[in-house]
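Worksheet for the structure shown next.
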Amino acid sequence: MKKGISILLVVFMLLISANTVVAAADSLDIEKVAIQSIKNSEGVQSINRQVTEAQKIHADTNGMVNGARGSLQYQNSYSIVKSIILSPLIAENNLEKVNHLQSVITNGVRLASYKDYINLLKVNYALNIQQGLMNESDADYRKAKLQETLGMVSQSQLRLSEIAYLKAKYRYNSAQKGFNSASMAVNKAMGEDISKQYSTLQDSNITPAAQIKSLNYYVGVALANRADIIDAQSTLELAKKEYEYGKAEIPTDFDFYIQQQEYAIDNAQNELDLAKITVQQNITNLYKDLGSAMKAMEEKRDLEDLAKLNYQAAEIRFNSSQISLQEFDDAKVARAQADINYKNAQLDAWLMQTMMDSACGIGYVPNLKAMSGSTTQSKSKNNPNPTNRRDRN
């Protein structure tokens, strides 16, 4: 008997465990979407290959340098000394730039996936609201039909109740179409079957901060962290080192060499200055958008509070026969729409805050969905400093 009970308990625990795993697999959250989208991104896959190639070149260069050091005891030429010192620096500089490009491309995919999931949350919230309204209208319509058969309401009142239900059903169907479209976009980004559905869409970790920092704070952080600036600075430092080691070799046309290298240094300095200006412009523009999102969230919150008060007043007046069913239904719909608008504003504010955080870090590539793997590769080949571009944020 005890053995049988033990077996049943084991089976029961296994069933619970299996159900928990299934539930977890059917749930979706913003980080899961980001991770899967990054894995599925052609742009990320392409830059990952470039990083692997740059790592190999870096390792090969270090290997050749170690071999060259052994020949110094036989031939102490300047060219060998120069290659031993500069070649590793050049290879390391290129590797760092490709690593930075990998980071900004990955960040771009991450933010694009965030936008997709935020859009899915918006339409899902609207769908739930509209479903609630439709269910309420359906119950009211059924009640009105029963009352009409008992002579408690007129046919015109029944018709108004039917119209309210049909409107609610139309709004629900429209919300369902929006949800289906957003769901397909998320699944496509993750490389999943576009028809795949999820039991739960989690949003517990998507809460905007109530306050934002000053523009000067964001600009200062970005100037210290952005790949655009770091890469431009490293290019300038490398140009200066090449200049100094080149002078020691005493070139045949010394004046021409000096002119050529000084031009390269000036150009690198200009690129650094331009990168700093561009970053400041990026952050300033983002800050305006962030401020607008925060202001919109506050305004939508106030409008939601007002809509709730209007609905409560309309409910009292309707119950005392002071307003019509249509007027009460309008107040109900207005309250629901205000709820949706406020939720959307909260999600928009969170997304803008997240974009600002990313822009103040290493940066990101905006509008990454328009980039293919081949496009990413060609850009890096034609630009020796691929992260120092005006279209980086």
Let me confirm something: among E92, E96, which residue is among the acidic types (D, E), at pLDDT 95 or above, surrounded by 16 or more Cβ atoms within 10 Å (Cβ to Cβ) and more than 15 Å from the chain's Cα centre (by Cα)?
E96
Could you check the range 240-282 and list, in sequence order, the residues that are aliphatic (A, V, I, L, M) and under 18 Å from A227 (Cα atoms)?
A268, L272, L274, A275, I277, V279
Quick one: count up the residues across the range 146-176 that are under 24 Å from N119 (Cα atoms) and of a type in the set (G, A, S).
3
When the range 223-262 is checked residue by residue, the ones that are hydroxyl-bearing (S, T, Y) and modelled with pLDDT of 95 or more are S234, T235
Is it the case that the range 143-160 has a residue that's touching a residue at least 24 places away in the same chain (Cβ under 8 Å) and crowded, with 21+ Cβ neighbours inside 10 Å?
no
Out of curiosity, is G151 modelled with pLDDT of 95 or more and at positive phi?
no
The one condition R301 fails out of (1) touching a helix residue (DSSP H, G or I) at 6+ places or on another chain (Cβ under 7 Å); (2) under 30 Å from K213 (Cβ atoms); (3) free of Cβ contacts under 8 Å to residues at least 40 places away in the same chain; (4) surrounded by fewer than 18 Cβ atoms within 10 Å (Cβ to Cβ) is (3)
Does A307 satisfy being in contact with a Ser or Thr (Cβ under 6 Å, 6 or more places away or on another chain) and either of a type outside the set (F, W, Y) or modelled with pLDDT under 95 (or both)?
no
Could you please let me know if A168 is buried (at least 18 other Cβ atoms within 10 Å of the Cβ), in contact with a helix residue (DSSP H, G or I) (Cβ under 8 Å, 6 or more places away or on another chain), within 23 Å of I38 (Cα to Cα) and modelled with pLDDT of 95 or more?
no
Consider only pairs whose beta carbons are under 7 Å apart and that are at least six residues apart or on different chains; among these, list those whose first residue lies in the range 34-47 and is farther than 20 Å from N99 by Cβ and whose second residue is modelled with pLDDT of 95 or more and not in a helix (DSSP H, G or I).
Q36/G191; N40/G191
Determine whether D357 is without any contact (Cβ under 8 Å) to a residue 24 or more places away in the chain, out of contact with any Cys (no Cβ under 8 Å at 6 or more places or on another chain) and part of a helix (DSSP H, G or I).
yes
Of the residues L236, L215, only one is over 26 Å from E136 (Cα atoms), touching a helix residue (DSSP H, G or I) at 6+ places or on another chain (Cβ under 9 Å), in contact (Cβ under 8 Å) with a residue 24 or more places away in the chain and surrounded by fewer than 17 Cβ atoms within 10 Å (Cβ to Cβ); which?
L215
What tally of residues in the range 333-364 results from selecting those that are basic (K, R) and at pLDDT below 95?
0
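The values are calculated or read from the model by the stated rules, or taken from the named source; none is laboratory data. What you are looking at is a predicted structure, and each value in this text was computed from that prediction instead of being measured. All Cβ positions, even for glycine, are placed from backbone atoms using ideal geometry, and neighbour counts span all protein chains on display.
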